1. Can you list the strands (runs of 3 or more DSSP E) lying wholly within segment 186-251 that have 1 or more residues being under 23 Å from Lys160 (Cα atoms) and without any contact (Cβ under 8 Å) to a residue 40 or more places away in the chain?
2. Scan (1) out of contact with any Pro (no Cβ under 7 Å at 6 or more places or on another chain); (2) touching a residue at least 12 places away in the same chain (Cβ under 8 Å) for the single condition His89 breaks and write down its number.
3. Examine segment 253-275 for a residue that is open to solvent by less than 70 Å² (accessible area, probe 1.4 Å), within 30 Å of Asp19 (Cα to Cα) and either in a helix (DSSP H, G or I) or in contact with a strand residue (DSSP E or B) (Cβ under 6 Å, 6 or more places away or on another chain) (or both), and state whether such a residue exists.
4. Can you find a residue that is open to solvent by 30 Å² or more (accessible area, probe 1.4 Å), within 30 Å of Glu33 (Cα to Cα) and touching a Lys or Arg at 6+ places or on another chain (Cβ under 6 Å) anywhere in segment 108-131?
5. Are any residues in segment 52-67 farther than 20 Å from Tyr86 by Cβ and within 19 Å of the chain's Cα centre (by Cα), and if so, which ones?
6. Tally the residues that are of a type in the set (A, V, I, L, M) and more than 18 Å from Thr3 (Cβ to Cβ), restricting the search to segment 305-317.
7. What's the number of the condition Gly81 fails, among (1) among the small types (Gly, Ala, Ser); (2) closer than 24 Å to Gln285 by Cα; (3) surrounded by 22 or more Cβ atoms within 10 Å (Cβ to Cβ)?
8. Those residues that are surrounded by 24 or more Cβ atoms within 10 Å (Cβ to Cβ), touching a Gly at 6+ places or on another chain (Cβ under 6 Å) and closer than 17 Å to Lys209 by Cα, I need them from segment 155-183; list them, please.
Amino acid sequence: MKTVRIYQTGGPEVLNYEDAPEPSPGPGQALVEIKSIGVNYTDVSSRKGANPPDAFPWTPGREAAGVVTAIGEGVTEVAVGDRVAYAMHTGTYSQYHAVPSWLLVRIPDGMSFADAAATMLQGMTAHFLVYGIAHLGAGDRVLVHAGAGGMGLWLIQMLKNIGVEVFTTVSTDEKAELAKGAGADHAIIYTQQDFEAEVHSATGGKGVKMVMDAVGATTFDAGMRILGRRGVMALYGQAGGPVGQVDSGVLRGGSLSLIRPSLGDYTATRDELTQRADDVLRWVQSGEVKLYVGLELPLSEAREAHRRMEGRETTGKILLTP
């Protein structure tokens, strides 16, 4: 089979498209013939060495959809021939992948593999950020960073579906229009505007109930300063670099909260995983949430996908096809 592997961390050039033996499913695993692969910033971070692989050679990717072609001993969740999608198991940049069967979710009838692959990781992450942390509801204000990216577009739509007033940051006028098209009430172009000042001005100094930050170092401090009373900073990524040591004193003066959540802790059981996955897959299929796929490339062009993502040259979701 064809796969992508790295032998050291570095730039996109370390991604090698090469031959590898087809895996066999072990106990509790299913072999998936992958039809579509989701590209996420965690793939870039690992490749660069921010959260480096435990061993080399290493295959990136934590999201995909395909068909079950074989099952190992003890597997009950899926059967050969099932159309499935999954996230949170590394190694999806391949034609075949042996996956713990409890992570696999059946795709609704009529849904494409591309839509399923574009839904799982970002959709379930948005699900727990919106529904699992701060009890958000109509009239609350939330700031979403990187609103024109795949994750940001998910968050904006889900927040608007429950009546939240959404602020978001983007880098260009074009991206601002995309974020507004997804429902954002305020699109702040951070290359031209100070988002801290803009939020304080728009809210009369009251700030927001929650900041959803996947950027990190370059946005964190100002994000803490725009939180209103009992506000929550959800730092769920570090695309702009890691946040350094945080003085707990920044939480005073408003009973603020800081959380560093990860999807694995919010899908730790089969029941919780399938509940979040079934919700987001259903919303996509019904049109309640619209997918924005900005780039589709063959797996052989994984380097180009990473280059464009790292250079912030894309909007929406990036997909690779084996």
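The values are calculated or read from the model by the stated rules, or taken from the named source; none is laboratory data. In this text the structure is predicted, and so the values were computed from the model without any measurement. Because the Cβ atoms are built from the backbone with ideal geometry, glycine has one as well, and the counts that use them run over all protein chains shown. Areas reflect the complete protein model, heavy atoms only, side chains present, ligands, DNA and RNA absent. Shrake-Rupley method; radii C 1.70, N 1.55, O 1.52, S 1.80 Å.
1. Once the strands (runs of 3 or more DSSP E) in segment 186-251 are filtered for at least 1 residues that are under 23 Å from Lys160 (Cα atoms) and without any contact (Cβ under 8 Å) to a residue 40 or more places away in the chain, what remains is 186-189, 227-235.
2. (1)
3. no
4. Yes, that holds for at least one residue.
5. Listed by number, the list holds a single entry, Pro52.
6. So the answer is 1.
7. (3)
8. Across segment 155-183, the qualifying residues are Ile156, Thr168.
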